[in-house]
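Reading through the structure tokens given below for one structure.
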Amino acid sequence: MHLPEVPIMSPLRLGGLLFVVASLCPLFSDAAEKLNVLLIVSDDLNVRLGCYGDEHARTPNIDRLAARGVRFDRAYCQNPLCNPSRASFLTGLRTDTLRIYENDTHFREIVPDVVTLPQTFQRNGYTTVRVGKLFHYNVPASIGTDGFDDLPSWHRTVNPRGRDKDDEDRIFTVTPEAKGAARFGGSLSWLAADGTDAEQTDGMIADAAATLLHELKDGPFFLGVGFFRPHTPYVAPKPWFALHPLNHLPTPRAPEGWLATVPAAARDHRKPQEDHLTDDIRQHAIQAYYASVSFMDAQLGRVLDALDREGLTSKTIVVFISDHGYQLGEHELWQKRSLYEWSLRVPLIVSVPGNAANGSVAKSPVELVDLHATLAELCGLPAPQTEGTSLAKLVRHPEQSLGLPAFSQIARTDNAIPRERKMDQVVYHGHTIRTDRYRYIEWDGGEKGAELYDELADPEELKNLVNDPAHAATVAMLKQQLAKQFPHRRPHQLPHPRGFVKLFDGQSVENWIRRGGTAAYRVENGLLIGRTAEGSKNTFLCPPRDYGDFELEFDVLCDPELNSGVQIRSHEYAEDTPQPSMPKRIRSAGEVYGYQCEIADRSKGTAGNFWDEARWTKWWAEPSVAGKDAYRDGEWNRYRIVAQGDRIRSWVNGVPVADFRDSLDASGFLGFQVHGIKAGTGPYEVRWRDIRIRELKPGEVVR
């Protein structure tokens with residue numbers, strides 16, 4: 001099967017990009033023979049593993065992989081959330097470059113031409129195949145589907161679905177009242193399952209991987225194997241629970257009063273469930289986590305056995321990672337999204353055939369974003385631009401150091417906002433730098449507080465030293481390094497990822513032109529507010545220049561008694577002019593005409609459609625039931641308009657509404673309307689915010 005080739009990443013003006021020019025032969029094999037790659041990714045796995053020193057873990061297969069590879073003791077993800085982390089290590093780009101801060105935006109919306117890690121191998125003659133979760137999936141909702149996968153990265157994909165997906169009504173959850181993804185995937189939940197390993201999704205993934213290794217053994221191949229465990233719900237067959245007796249497991253707790261020593265932002269993502277956890281629930285949750293880790297380890301072992309059985313061990317680089325760390329009560333936090341060690345530190349094992357350093361441990365801080373450059377160099381392939389550093393030197397000489405810190409970040413977003421706005425509606429960011437000795441954290445560029453931990457003296461990160469005068473010089477040094485790595489540390493400082501510019505900056509509409517009627521406009525609390533004038537005809541506030549092909553986005557909140565609209569490619573009559581449509585009437589000089597995207601409550605059923613204002617006085621598109629249902633009365637609504645050539649389209653809250661073609665106007669001004677009202681009515685208001693526009697290039701594809 002051959003998929004269309006995706007263009008190589010176009011040159012981006014991104015600070016700190018590294019262009020990796022690998023040697024043109026593999027580092028550990030004959031140049032005539034390409035090494036295969038087996039990338040195994042676990043979901044929500046921290047370093048509670050035997051080879052990382054956890055005495056409670058039962059992970060013999062990950063441990064044996066570590067014994068025949070190089071184990072990186074201080075590897076860190078760039079973002080402790082699934083989609084941002086996976087997008088980062090599978091492209092080699094950092095979170096701010098991708099502008100992926102949550103689980104609802106696909107990276108190709110921002111960097112459509114980026115070359116992913118599997119695509120680098122695809123372009124060099126490798127067959128690339130995925131089984132299970134590599135790119136983001138909502139768990140358990142997306143099990144058995146392609147999820148948020150990147151199909152151009154693969155020649156073939158396999159999506160097993162086991163009984164764990166079908167046994168959801170038997171799963172215990174701490175939040176039974178929750179709906180949808182929050183009930184299982186977002187909450188502490190588990191099941192000691194009936195049946196065998198092979199009936200579970202991860203068991204099926206191991207079976208599929210073994211079959212694929214047989215089919216692909218003539219190589220070269222890049223096989224991605226993504227296990228879903230130990231992501232919640234923690235599901236594993238009952239014997240794996242029995243392997244971890246309740247009274248033999250730790251129950252981490254922060255010292256009383258510790259939460260008061262850190263900024264509120266550090267615990268801002270805590271979920272309501274965490275305030276109602278009994279000691280019994282804590283113990284059972286930890287048991288279930290360890291059980292699902294052991295179950296996943298056994299499935300990984302079956303994949304390694306298949307590699308040995310097919311005679312591929314001496315021809316295949318094996319890499320094992322997790323997408324991010326995980327907390328089980330440390331700092332009184334559970335799951336992910338913190339900037340502490342347990343949430344950011346991940347297992348990373350690289351096993352290269354013939355490497356004399358196999359069985360060693362690398363202590364240098366490294367990052368998951370390094371993976372793309374590393375595998376390209378190990379296999380002797382030219383790599384595209386990335387923001388990682390090749391770890392090939394450490395694979396060969398793990399006793400050495402890169403001399404670089406690790407950087408990570410997390411965004412705090414408003415969970416109430418609609419999906420289509422999450423990408424750029426970050427409330428604030430947290431950023432951290434991890435050196436050999438220290439971790440320094442800033443929240444909202446320091447405006448919401450900072451933290452400093454001495455990892456040698458305080459590996460549990462319980463003593464915040466940021467205000468200790470003895471560490472003032474360390475804070476100053478790390479603060480400077482963090483600012484250099486993250487120059488845009490506050491949301492409003494980040495450039496928009498897709499080239500949008502703000503039409504309205506939330507402060508002024510100076511130089512905008514009022515046309516038509518006498519309605520008043522003002523700027524207040526970052527909003528552009530239009531207020532009706534009794535007896536006035538339609539009024540339009542217009543930016544000072546014309547636009548032709550563009551993508552326009554804005555939020556609008558309109559009083560239900562009023563309807564409104566936004567003119568595009570519009571004009572005004574130079575003199576009194578007969579209207580071309582029936583009924584015949586004279587349009588006055590200065591009156592605005594052209595395409596108007598309608599803003600109206602659900603009862604009218606016209607939201608997002610286009611009215612031909614003061615000209616043909618008709619609707620350009622058929623009525624849209626989807627658009628009517630998408631509009632939310634009395635709430636903020638997100639509009640998107642794309643005008644390109646003779647085609648004009650609109651979306652309301654992410655739902656497609658109008659799509660029509662007309663060649664009357666190729667360009668013209670924009671106008672934000674306050675509708676005219678009759679005498680004795682009103683006043684009413686319409687409010688806009690986050691108005692931005694992106695001019696389109698000739699031939700640009702806009703979805």
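When the helix-only estimate is applied to the chain (DSSP H runs of n ≥ 4, each -39,500 (n - 2.57), divided by the residue count), what is the mean residue ellipticity at 222 nm, nearest 500 deg cm²/dmol?
-5000 deg cm²/dmol
Can you figure out the FRET efficiency of T211 with D268, using R₀ = 41 Å and their beta-carbon distance, to the nearest 0.05? Can you show the working numbers first?
Numbers: r = 45 Å, r/R0 = 1.10.
Efficiency computed from Cβ-Cβ geometry: 0.35.
Which label marks the calculated value of Kirkwood radius over Cα pairs in Å, given the options (1) 29.2; (2) 27.7; (3) 31.8?
(2)
At 4 °C and 1.567 mPa s, grab the translational diffusion coefficient of region 286-412 from Stokes-Einstein with a Kirkwood Rh over Cα pairs, rounded to a whole number in µm² per second. Could the numbers behind the result be given before it?
On the way: Rh = 16.7 Å.
Roughly 77 µm²/s, to the nearest whole number.
Estimate the FRET efficiency between S603 and D169 by the formula 1/(1 + (r/R0)^6), using the beta-carbon distance for r and 45 Å for R0, to the nearest 0.05. List each step's numbers first, then the result.
On the way: r = 39 Å, r/R0 = 0.87.
That gives a FRET efficiency of 0.70.
Let's test the formula: R0 of 60 Å, r as the Cβ-Cβ distance of E455 and R161. What FRET efficiency results, to the nearest 0.05? Present the calculation step by step, with values, prior to reporting the outcome.
Numbers: r = 42 Å, r/R0 = 0.69.
That pair, E455 with R161, gives E of 0.90.
Could you order the peptides 569-580, 298-309 from most to least packed, using the average number of other C-beta atoms within 10 Å per residue? Walk me through the intermediate numbers first.
Working: 569-580: 15.0, 298-309: 19.5.
Most protected by this proxy first, the peptides run 298-309, 569-580.
How many nm separate the modelled label positions at A473 and D218, each set 7 Å beyond the Cα in the direction of the Cβ?
Label-label distance for A473 and D218, simple model: 6.5 nm.
Expressed as an acute angle from 0 to 90° and rounded to the nearest 10, what is the orientation of the C-alpha long axis of helix 82-91 relative to the principal long axis of the chain?
It works out to around 80 degrees.
Quick one: which residues, 5 or more positions from A193 or on another chain, have an amide H under 5 Å from its amide H? H modelled 1.01 Å from N in the peptide plane, none for Pro or chain starts.
Residues meeting the amide H criterion: A236, K238.
In nm, to one decimal, how far is the modelled label at D308 from the one at E575, with both set 7 Å along Cα→Cβ?
9.3
Against the longest principal axis of the chain, how steep is helix 472-485, in degrees 0 to 90 to the nearest 10, with axes from Cα atoms?
Result, in degrees: 60.
Once the cut-off is 30 Å, how many percent of the Cα-Cα pairs in region 36-402 end up in the long-distance tail?
Numbers: 21926 of 67161 pairs.
Here the tail beyond 30 Å accounts for 33 percent of pairs.
Under a cut-off of 21 Å between alpha-carbon atoms, report the lysines in cross-link reach of K34, not counting same-chain residues fewer than 8 places apart.
Once the sequence-local lysines are set aside, what remains near K34 is K217, K315, K393.
Between the helical axis of 201-215 and the dominant principal axis of the chain, each derived from Cα atoms, what acute angle in degrees is found, rounded to the nearest 10?
80
Under a plain spin-label model, where a point goes 7 Å from the Cα along Cα-to-Cβ, how far apart in nm are T617 and V701?
4.3
Which loop chymotrypsin sites (Phe, Trp or Tyr not before Pro) in region 40-128, with loop taken from DSSP, have no more than 10 other Cβ atoms within 10 angstrom of their Cβ?
Numbers: sites: Y52, F72, Y76, F89, Y101, F107, F121, Y126; in loops: Y101, Y126.
Passing both the DSSP loop test and the Cβ count: no residue.
For a test of the definition: using alpha carbon positions, the gyration tensor, and the 1.5 limit on a/c, classify region 501-695 as rounded, prolate or oblate. Each step should come with its number before you reach the end.
Values: a/c = 1.17, a/b = 1.03, b/c = 1.13.
It comes out rounded by the Cα gyration axes.
Every number here is computed from the coordinates shown, using simple stated rules; none is lab data. Everything quoted here is computed from the prediction, not taken from an experiment. A quick note on method: Cβ atoms are made from the backbone with ideal geometry, for glycine too, and the neighbour counts reach across all protein chains shown.
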